[in-house]
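These notes are about the structure you will find just below.
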Amino acid sequence: GYVRIPENDEHETCPVCGGWKLEAMGIGTERGEHELAEQIPARSFFVFDGDLFKTNAQAKKMIAQFKKRSNEGEAPILIGTPMVIPYLDTVDNTAVISIDSLFAIPDFRMNERIFAMILSLREKTKNTLYVQTRLDDRTTLEHATTGELMEFVSQELALRKAFSYPPYGTIIKITLRGKKEIISQEMDRAKQFLNDYILLIPPTRTRDKKGFYRMHALIKLPEGIWGTETTASLLQKLRTLPHQFTIEVNPDHLLS
């Protein structure tokens, strides 16, 4: 619950070096293992992370080792990212740490994903499910931990309607993948080509495993006009974009 106010209500700087370019520190599986090992050093730990397992067989093998230790009465601890959930059958107790960072991701489906993740863990947990949070509004977490599906749906639909998110509006995501030196220029040209519509280009570029970069542009339309004569010219323009552009209507993810 600690809150720090920026100096003169304007800038926040590092108290050690005076720098202003601050970044949030992620918890991560390695940090989680280190902290838990200090608190309960007698336990054995298993870490499930996408960077550690390249194949499905490797992941299943590690889960089998974890289950074997559990059946032998050792009470091991499994530390993993959300991708571990489908591999689990049942566990005695579970805990979700640093879930607040997920709520900070600018994606209109994020509450839905968080709810589904906690609900899935709840179904696989035999005893107690813990969720760590500093949020003031814990409604989504409370609905998930208690299994109140209809209450969550009502709340989520009300929020989406207030902000004209699907199904009360249409979001079109335009993705460009290419080399770093040309991707910004090509996206600027696309923005000029679609200048009759509200277009948001997030100011970030992400790099994939093959070394190519991605940029996204978002168009948000009011409810009921997509697919009508009002947006016919937009549809035609989208169809004429070069093949390097990928277009998704109401995508599962906005920025990935």
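Listing for the model above:
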| item | result |
| --- | --- |
| Coil-residue trypsin sites (Lys or Arg not before Pro) of the range 93-167, DSSP, other Cβ within 10 Å capped at 16 | ARG134, ARG138 |
| Size descriptor, Kirkwood hydrodynamic radius, that averages inverse alpha-carbon separations across the range 28-93, Å | 12.4 |
| Order of exposure, largest accessible area first, which applies to HIS253, HIS243, HIS216 with probe 1.4 Å | HIS243, HIS253, HIS216 |
| GluC sites (Glu not before Pro), loop per DSSP, at most 16 other Cβ atoms within 10 Å - longest free stretch of the chain | 149-222 |
| LYS161-GLU72 FRET efficiency (beta carbon distance; Förster radius 51 Å; 0.05 resolution) | 0.45 |
| Normalised contact order of the range 124-250, rounded percent, pairs of Cα under 8 Å and 6 or more residues apart | 30 |
| Most mobile of THR230, THR175, THR125 in a GNM of the chain (Cα contacts under 10 Å) | THR230 |
| In degrees, nearest ten, helix 28-39 long axis to first principal axis of the chain (Cα) | 20 |
| Gaussian network model of the chain, Cα within-10 Å springs - most flexible of ALA144, ALA158, ALA232 | ALA232 |
| The range 167-256: trypsin sites (Lys or Arg not before Pro) in DSSP coil with no more than 16 other Cβ atoms inside 10 Å | LYS179, ARG205, LYS209, LYS210 |
| Using a Förster distance of 51 Å, the FRET efficiency for THR228-GLN65 (Cβ separation, nearest 0.05) | 0.35 |
| Answer label, with volume of the Cα convex hull per residue in Å³ calculated from the coordinates and candidates (1) 216; (2) 198; (3) 108 | (2) |
| Anchor LYS180: lysines whose Cα lies under 19 Å away (excluding residues fewer than 8 positions away in-chain) | LYS191, LYS209, LYS210 |
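The values are calculated or read from the model by the stated rules, or taken from the named source; none is laboratory data. Computed from a predicted structure; not experimentally measured. Neighbour counts run over all protein chains shown; Cβ positions are idealised from the backbone, glycine included. Accessible surface areas use protein heavy atoms only, side chains included; no ligands, DNA or RNA. Shrake-Rupley method; radii C 1.70, N 1.55, O 1.52, S 1.80 Å.
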